[in-house]
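The values are calculated or read from the model by the stated rules, or taken from the named source; none is laboratory data. The structure presented is a predicted model; accordingly, all values stated were derived computationally and were not measured. Positions of Cβ are generated from backbone atoms using ideal geometry, with glycine treated the same way; all protein chains shown enter the neighbour counts. These area figures cover heavy atoms from the full protein model, side chains too; ligands, DNA and RNA do not enter into them. Shrake-Rupley method; radii C 1.70, N 1.55, O 1.52, S 1.80 Å.
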Amino acid sequence: MFLISCPWCGERDQTEFHCHGEAHIARPENSLEMDDAAWGDYVFFRKNVKGVHLERWTHDHGCGRWFNAARNTATDEFLAFYKPGEAPPADLERVS
Amino acid sequence: MNTFPTPVARTPLADLPLLLGALSLEERPLSGKVSLRGNAGDSAFVEALSARFSGALPTQVGQRVESGQASLWCLGPDEWRLQCELDAVEDTLAQLRDAFGQCHASAVDVSDYYTELALSGQATRDVLAKLTPLDVSAEGFPAGSQAATRMAKCSVLLHMVRDDQAVLCVRWSHAEYLWDYLCEAAREYNH
Ligand SMILES: [Zn+2]
């Protein structure tokens, strides 16, 4: 069983959660001027890193909230959990 | 020309036989449930609620305060579930909406969106443990605890009323599934 720490509920089993992919993708502000390539990049293209990945999660079966997590995609180790709007911890690269 | 029968109010599990034995499972009579959303940092919102609920607004997820026949349970950083008697819902909604005034908050009647199952008996915790990844031991989830969690494949608001009784609040459309699952899980204890 692997545990995920919801910023509001604390440690819960992974099956209560769902991952929603890369975090911190800002919606473009110049959408009227964007071409298809730029839209394609915004909508479809993600980093797919091997190592520390910042991603969005929801606590579906608990409080239902969105939050962010830093996870090492190679080892599945979670390095940090933080609330939406908060910046990711600065020293993540060294932790991995 | 087709004529349709007059709709009759019934609870989701009304047609199922009760499970009675060393473990019992029964559907509770419909209770009043109000979903509250608002900003716990907004003093107008907090005051509107504390006018009705003596004591501080619970802001820790899982925390619950009782006030007379009603209780207020914190489900998330900006979400609460108010439980009261069914016939008190209308007045409660009117009072709360009036008290909220201009503040950015909502109170919605969700009474018939959920139903509650009561599971009782010595093996209650053992049965729960088969369905949820939550630690439901006496140490990890003492009597009085509550949590929103997963049970089998449903989202459930779980309230450990006593060491030998739990109340499970589930969406009505998931109720029969959860009921069947609980009966199956309870079978080895009911001989
Ligand atoms: Zn949570």
Hey, what's the protein assembly as shown come to in accessible area per residue, 1.4 Å probe, Å²? 56
Label-point separation (nm) for A:F44 and A:T73, each offset 7 Å from Cα along Cα-to-Cβ? 1.7
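Any idea what the relative contact order of chain A is, in percent, if you count C-alpha pairs under 8 Å spaced at least 6 apart?
Result for chain A is 26 percent.
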What accessible area, in Å² to the nearest ten, does a 1.4 Å probe give for A:L3? 80
Hey, quick one: spin label on B:A152, modelled 7 Å out along Cα-Cβ, who in the stretch A:52-69 has an amide N within reach, i.e. under 19 Å? A:61-62
Please identify the trypsin sites (Lys or Arg not before Pro) of the stretch B:116-173 that satisfy two criteria: DSSP loop assignment and at most 15 other Cβ atoms within 10 Å. Which are they? B:K153
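From largest accessible area down, sort B:T124, A:T75; use a 1.4 Å probe on the protein chains. Walk me through the numbers on the way to the answer.
Details: B:T124 0, A:T75 90 Å².
Sorted by accessible area, descending: A:T75, B:T124.
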How far is helix B:89-100 tilted, in degrees, relative to the longest principal axis of the Cα atoms in chain B, given as a value from 0 to 90 rounded to the nearest 10? 40
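Evaluate the relative contact order of the stretch B:32-109 (contact order divided by residue number), counting alpha-carbon pairs under 8 angstrom at least 6 apart; express in whole percent.
Working: 134 pairs, mean separation 33.5, N = 78.
Computed over the stretch B:32-109, the figure is 43 percent.
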From phi via Karplus (6.51, -1.76, 1.60), per-residue ³J(HN,Hα) for the stretch B:181-191 in Hz, x at Gly/Pro: 4, 5, 4, 5, 5, 7, 4, 5, 9, 9, 10
Which whole-number percent is the relative contact order of chain B (Cα, under 8 Å, 6+ apart)? 24
Accessible area that becomes buried as A packs against B, both chains, 1.4 Å probe, Å², nearest 100: 1000
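For an R0 of 35 angstrom, estimate the FRET efficiency from the Cβ-Cβ distance between A:E22 and B:S145 and round to the nearest 0.05. Write down the numbers at each step before the final one.
On the way: r = 36 Å, r/R0 = 1.02.
Given R0 = 35 Å and the Cβ-Cβ separation, E is 0.45.
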To the nearest 10 Å², what's A:F45's accessible area with a 1.4 Å probe? 140
Ellipticity estimate at 222 nm from DSSP helix runs (n ≥ 4, -39,500 (n - 2.57)) divided over chain B, nearest 500: -7000 deg cm²/dmol
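Give me the net charge of B:V127's neighbourhood, meaning all other residues with Cβ under 10 Å from the Cβ of B:V127; Lys, Arg count +1, Asp, Glu -1. If you can, show how the numbers build up before the last one.
Values: positive: B:R125, B:K130, B:R187; negative: B:D126, B:E184, B:E188.
Once positives and negatives cancel, what remains is 0.
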Cα→Cβ-extended label distance, 7 Å offset, between B:Q102 and B:E184, nm: 5.6
Top positive-direction residue, dipole computed over the stretch B:32-109 with Cβ charges, set B:L72, B:P58, B:A88: B:P58
Surface share of carbon and sulfur [accessible, 1.4 angstrom probe, percent] for the stretch B:82-143: 47
Chain A - percent of accessible surface contributed by carbon and sulfur, probe 1.4 Å: 49
Using a ≥ b ≥ c from the Cα gyration tensor of chain B (square roots of the eigenvalues), is it rounded, prolate or oblate, where a/c under 1.5 gives rounded and otherwise the larger of a/b and b/c decides, a/b for prolate? oblate
